[in-house]
Amino acid sequence: MPVVVVANPKGGVGKSTVSTQLAGYWASCGPAVMLGDADRQQSSRLWLGLRPAQARPISTWELSADDVVRPPRGATHVVLDTPAGLRGRRLNDVLRLATKVLVPLQASVFDMHATQEFLTELADRKKAHKLPVGVVGVRVDDRTIAAEKLRDFVQSLGLPVLGYLRHTHNYLHLAAQGLTLFDVAPARVARDLEQWRDLCEWVDAP
């Protein structure tokens, strides 16, 4: 069962946005999807509470922020949204569950500096345990110098940048309705869906 852990020890980088969108993508493809929220703010769980009944179902994974356990039965695909400051034993518990780790990261020198130690640790785990790790640039225009610097920084650690998600109100407006890009007419969000294409291929790859 694929378990994608969305993690970054820094807050405010888009973990819940990426987690809910990924859950929405898998739900649109038909699997039984479960979205877990280990963050005390419970943003992903709040989003699930807003999700309309007619949308493709995504199950809630009830778990404690302090005690991450194996996902319950009943799902074929799992997304785990994690809190800021995830380190030590809790990080190890989460990574033991993961089949892949996805790190949202903004193209800011402050964000890159704050995340460098975490990314270095993940790169080491990738080498030692063959755990696939990827980075997605959030609120980034891929045509900018900032995007180029983000790519150079991440690749210097031996990790891939899977894509860049632009800054758009589409994510905010859809989240307020419990929806994702994958729940609405594709023509309405065509540019954003294109930015998710490589990322979706990565999470689906064996």
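The values are calculated or read from the model by the stated rules, or taken from the named source; none is laboratory data. What you see is a predicted model, and the numbers here were worked out from it, not measured in a lab. Neighbour counts are summed over all protein chains in view; Cβ atoms, including those assigned to glycine, are modelled from backbone coordinates with ideal geometry.
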Per the filter on segment 160-200, residues closer than 23 Å to Val133 by Cα and in a helix (DSSP H, G or I) are Asp192, Leu193, Glu194, Gln195, Trp196, Arg197, Asp198, Leu199, Cys200
Practice prompt. Determine whether segment 34-45 contains at least one residue that is farther than 22 Å from Leu174 by Cβ, out of contact with any helix residue (DSSP H, G or I) (no Cβ under 7 Å at 6 or more places or on another chain) and loosely packed, with under 15 Cβ neighbours inside 10 Å.
Written response: yes
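For residues in segment 169-183 being surrounded by fewer than 15 Cβ atoms within 10 Å (Cβ to Cβ) and not small (Gly, Ala, Ser), which is nearest to Ser16 (Cα to Cα)?
Top of the filtered list is Leu172.
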Those residues of segment 34-49 that are touching a Lys or Arg at 6+ places or on another chain (Cβ under 8 Å) and either assigned to a helix (DSSP H, G or I) or over 14 Å from Val4 (Cα atoms) (or both) come to a total of 1
If you go through Pro52, Pro9, Pro31, the only one that is in a loop (DSSP other than H, G, I, E, B), in contact (Cβ under 8 Å) with a residue 24 or more places away in the chain and buried (at least 17 other Cβ atoms within 10 Å of the Cβ) is Pro9
Q) In segment 146-159, is there at least one residue being assigned to a loop (DSSP other than H, G, I, E, B), surrounded by fewer than 14 Cβ atoms within 10 Å (Cβ to Cβ) and of a type in the set (Gly, Ala, Ser)? A) no
If we keep only residues of segment 134-143 that are in contact (Cβ under 8 Å) with a residue 60 or more places away in the chain and part of a strand (DSSP E or B), then the residue surrounded by the fewest Cβ atoms within 10 Å (Cβ to Cβ) is Gly134
Those residues of segment 38-53 that are modelled with pLDDT of 90 or more and within 15 Å of the chain's Cα centre (by Cα) come to a total of 1
For segment 106-133, pairs from a residue that is surrounded by 13 or more Cβ atoms within 10 Å (Cβ to Cβ) to a residue that is of a type in the set (Phe, Trp, Tyr), with Cβ under 6 Å and 6 or more apart or across chains, are Met112/Phe153
